[in-house]
Amino acid sequence: MKLRRLAKLTAIFGAATFYLTLVMIASAGAQQTAPSVVPVKARIASSPATVFRSIRNHLTARFTLTADPATGKIIAKRSGLDPDTWTTWAYCKVPTQDMLGDMTTSSVVLKITITAARGHSSEVIVGADFQATYSINGQPTPVGCISNDVLENEILDSAGARIS
């Protein structure tokens, strides 16, 4: 009799532990933040080569570029952005109690892909990954930043996209 009770209790507690573990895993997954890079896409009524040149020329003065016309890929990097440019381009989620912290570093990496589309047009995908570090309570703290889509739309506009 005692053995059956023990087996029954073990089964109940085992199931409860299993259920609790599942709930904890599901909660952890639900708490993850959204991706920091959400690409912006546009179709442009020009050939990929023309669009590639337009975007490369637009970025050359302000970014360090790695550009491959054969693949239609451009990687553009920039760091040390001034606060006005940063707040125009991105928003950083800083907890309310830490809003007085100072941004110590900032950078953006653009990943741009240009491919041929139907007709004499191109599809362009621009992703901007914004990273910042704030000094919060004297400690360097990386903060997740989200694009305002201003930079991406500026790049697409420079290549002839109609941005609404």
Rounded to two decimals, the Rg over Rh value of the stretch 54-164 from Cα coordinates and the Kirkwood Rh reads 1.05
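If you rank Ile155, Ile136 by fewest surrounding Cβ atoms within 10 Å, what's the result?
Ordered from fewest to most neighbouring Cβ atoms within 10 Å, Ile155, Ile136 come out as Ile136, Ile155.
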For Lys73, counting only aspartates and glutamates whose alpha-carbon sits under 20 Å away and dropping same-chain residues fewer than eight positions off, the answer is Glu123, Asp129, Asp149, Glu152, Glu154, Asp157
Given 102-111, 61-70, the highest-first ranking by average Cβ count within 10 Å works out to 102-111, 61-70
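Throughout, read-outs are computed from the coordinates displayed, never taken from laboratory work. Computed from a prediction, not measured in an experiment: that's the story for all the values here. Neighbour counts are summed over all protein chains in view; Cβ atoms, including those assigned to glycine, are modelled from backbone coordinates with ideal geometry.
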